[in-house]
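> Just dropping this structure here.
Each reported figure results from applying straightforward, stated rules to the coordinates on display, with no laboratory input. Because the structure is predicted, anything quoted here is derived from the model rather than measured. Cβ coordinates were reconstructed from backbone atoms using ideal geometry, including for glycine residues, and neighbour counts include every protein chain displayed.
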């Protein structure tokens, strides 16, 4: 038995060594494949110059007088308090004043023969710029005039002062989104003064109620254009930025072009129960039932949808910014995807990229301290991942709550938009990407992203499939906090660069199609 046991042990030991050698061989082979894939993974192509070239190209060089004037006109725009409180409560006096301001500072936009200006729903503005080549499909540049309210509490300067301090212009709208309104028109005004005539027609649309849904601004403009049979090659709105310092380990800025945005739903949950005296309470009250339901929603996250949106492409294109082993992981998501999806869940910011988010924003119940409440209501705000729909998410909510006593009322809801194309043939995406490379040489990579908020561009889905969100300004995490917050500001240099970007982009659009990239990716 002893000899037999020794022989068995020897055979087992030999078998383990053989198996271990096989496993090691497999691991080494896998590592070799991963490293080879990492080394040959297609990086961002260098784009050749395209758009207007040679003598027809107008250089983005502005005189000191022009720079002073563009700064002054932005300050004056910030001083006009175009505040939207609700869709029924907007400062229309300020909106009318803003329209007059545009006429004053951009006279060529209102007097050039190939530009047609319309006022839509009294306060939104639509410019139609007719190009010289009718064969080229038109595009649109989008921005909004309205801003969110701002109390002076906590601000370093009054929020509608447009005050210049230490190279910055302060005020509500300097980042969201009067900077874009003014930069687009400023760039076109400067081009017109240099006798520019576009080859490709385009539209400039300025909505007046984006912050309160856009139903009377962008939605009406989109319907007007659709009724005229207009189809657009692409549309560019706010929603993506040059991000600097947002990702630990990435030293240089990256550009994010949002190619979709989340859907949304405001959902009210309600529980009814018989009222009564608090001295004889039932086992459960309407408040307790609803609180338990809401607690289950807070403790149970929506499914992780990693891989069904743009997250994989985003990470793969970012891989070159990292060293070993992250670059190996990010270029081999076919095997490391589950690991990366769990990593992204850890931060509220990246968690919002991979799933539908659910948050309780309002809770109302009770009528008197000694009365059993007859009704309890909670309002839930959901931002729906692009791979899901409103009915799917509503069913998941019902399954999590799992209580027939809870009633549901959908207050508002809309599905996410389809993901716009961002491959080598996507004209709008490649136009943005090329112009970013030209104007922001410090940017090492341009990646597709998802906008977790909502923008006016969603109203135009019926007239274009190329809906892109990019605002050509550089932001750090501190800047990002000022959106709808305190001390919103833009540096004068950043605004001048934004004008330059639009100046270049408009000229770059004067080409029939996307040129072929320099090189294709390597095949394994």
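> Take the Cβ-Cβ distance between residue 166 and residue 513 as r, set R0 to 35 Å, and report the resulting FRET efficiency rounded to the nearest 0.05.
Values: r = 45 Å, r/R0 = 1.28.
That pair, residue 166 with residue 513, gives E of 0.20.
> Listed highest first by mean packing, meaning other Cβ atoms within 10 Å per residue, what order do 261-269, 409-417, 279-287 come in? Display every interim value, and only then the final one.
Working: 261-269: 20.6, 409-417: 15.3, 279-287: 13.1.
Descending packing order for the listed peptides: 261-269, 409-417, 279-287.
> Looking at the square roots a ≥ b ≥ c of the eigenvalues of the Cα gyration tensor of the chain, which shape do they give, rounded for a/c under 1.5, prolate if a/b is larger than b/c, or oblate?
Verdict is oblate for the chain.
> For the ranges 314-320, 248-254, what's the packing order if you count other beta-carbon atoms within 10 Å of each residue, average per peptide, and put the highest first? Each step should come with its number before you reach the end.
On the way: 314-320: 19.0, 248-254: 12.6.
Result, highest mean Cβ count within 10 Å first: 314-320, 248-254.
> With a point put 7 Å past each Cα toward its Cβ, work out how far residue 399 is from residue 414 in nm, to one decimal.
Placing both labels 7 Å along Cα→Cβ, they lie 2.7 nm apart.
> If a/c stays under 1.5 just call it rounded; otherwise compare a/b with b/c (prolate if a/b is bigger, oblate if not). Do that for the stretch 435-524, with a ≥ b ≥ c from the square roots of the Cα gyration tensor eigenvalues.
It comes out prolate by the Cα gyration axes.
> Among 469, 296, 172, 165, which comes first, then next, by fewest other beta-carbon atoms within 10 Å?
165, 296, 172, 469
> Under the Kirkwood approximation for Rh and a Cα-based Rg, what ratio Rg/Rh is obtained for the stretch 261-414? Don't skip to the answer; put the middle values down first.
On the way: Rg = 20.3 Å, Rh = 17.7 Å.
Using Cα coordinates only, the ratio equals 1.14.
> Give me the extension gain from residue 347 to residue 61: residue separation times 0.36 nm, minus the current Cα-Cα distance, reported in nm with one decimal. All intermediate terms of the calculation are to be shown ahead of the outcome.
Details: separation 286, 0.36 × 286 = 102.96 nm, distance 4.23 nm.
The span from residue 347 to residue 61 would gain 98.7 nm if fully extended.
> Further question: Can you give the FRET efficiency for residue 68 and residue 266, using 1/(1 + (r/R0)^6), R0 = 60 Å, r = Cβ-Cβ distance, to the nearest 0.05?
0.85
> Could you put 360, 191 in order, starting from the residue whose Cβ has the fewest other Cβ atoms within 10 Å?
360, 191
> So how much slack lies between residue 375 and residue 100, counting 0.36 nm per residue of separation and subtracting their Cα-Cα distance, in nm?
94.0 nm
> I would also like to ask the following. If I model a spin label as a point 7 Å beyond the Cα along the Cα-Cβ vector, how far apart are those points for residue 389 and residue 153 in nm?
My value for the distance between the label points is 4.4 nm.
> Still on this model: Please report the spacing between the Cα centers of the stretch 116-146 and the stretch 387-459 in Å, no decimals.
Using only Cα atoms, the two centres lie 24 Å from each other.
> How much length would be gained if the chain were fully extended between residue 437 and residue 493, taking 0.36 nm per residue of separation minus their Cα-Cα distance, in nm to one decimal?
In short, 18.4 nm is gained.
> Which FRET efficiency value, to the nearest 0.05, is calculated for residue 133 and residue 252 with the Förster distance at 41 angstrom and r the Cβ-Cβ distance?
Efficiency, rounded to the nearest 0.05: 0.65.
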